[in-house]
């Protein structure tokens with residue numbers, strides 16, 4: 001598969017696939033979009049040139065790798081409905097092209113990184129139904145977000161428009 005040098009998109013979602021993303025995907029230099037949602041995948045491999053990465057509804061567990069912050073071309077990242085735990089990586093603030101980030105339905109804890117304020121292109125953020133705590137960042141893209149982005153995080157607080165405890 002690593003020899004498919006012109007391959008731009010892979011959509012193998014909803015196929016009940018198991019295992020890790022093959023390392024050969026990392027050799028596909030023109031690969032921009034991967035849709036692997038609704039499988040049973042548990043490892044992400046090396047996918048540096050992507051603009052869209054959908055790993056929603058799989059069986060990922062443990063911490064979100066901080067190396068995902070190196071995927072500088074990402075515009076759309078969906079990691080929803082997995083079993084990720086721990087902190088949202090601070091390195092996500094380096095994903096300057098990111099417009100869509102869905103981390104909902106995991107077991108993420110801690111605070112939302114202040115570095116996400118730097119994501120000027122971010123127009124959609126969903127961190128609902130995790131175990132996030134502390135104050136929501138304000139400014140940058142957070143000025144345009146709504147309460148739906150933060151539901152189901154009982155110990156999260158911030159502006160009243162987010163329907164969380166006010167600061």
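Going by what's in this entry, would residue 156 be described as on the phi < 0 side of the Ramachandran plot, at pLDDT below 95 and surrounded by 13 or more Cβ atoms within 10 Å (Cβ to Cβ)? It is true that residue 156 is on the phi < 0 side of the Ramachandran plot, at pLDDT below 95 and surrounded by 13 or more Cβ atoms within 10 Å (Cβ to Cβ). The condition of being under 26 Å from residue 155 (Cβ atoms), in contact (Cβ under 8 Å) with a residue 40 or more places away in the chain and surrounded by 15 or more Cβ atoms within 10 Å (Cβ to Cβ) holds for only one of 78, 51, that being 78. The residue that is farthest from residue 33 (Cα to Cα), counting only those in the stretch 13-22 that are touching a strand residue (DSSP E or B) at 6+ places or on another chain (Cβ under 7 Å) and part of a loop (DSSP other than H, G, I, E, B), is 16. Restricting attention to the stretch 96-134 and to residues that are under 22 Å from residue 35 (Cα atoms) and in contact with a helix residue (DSSP H, G or I) (Cβ under 6 Å, 6 or more places away or on another chain), the residue that is surrounded by the fewest Cβ atoms within 10 Å (Cβ to Cβ) turns out to be 126.
The values are calculated or read from the model by the stated rules, or taken from the named source; none is laboratory data. Keep in mind that what you see is a predicted model, and the values were worked out from it rather than measured. Heads up, the Cβs are rebuilt from the backbone with ideal geometry, glycines too, and the neighbour counts pull from every protein chain shown.
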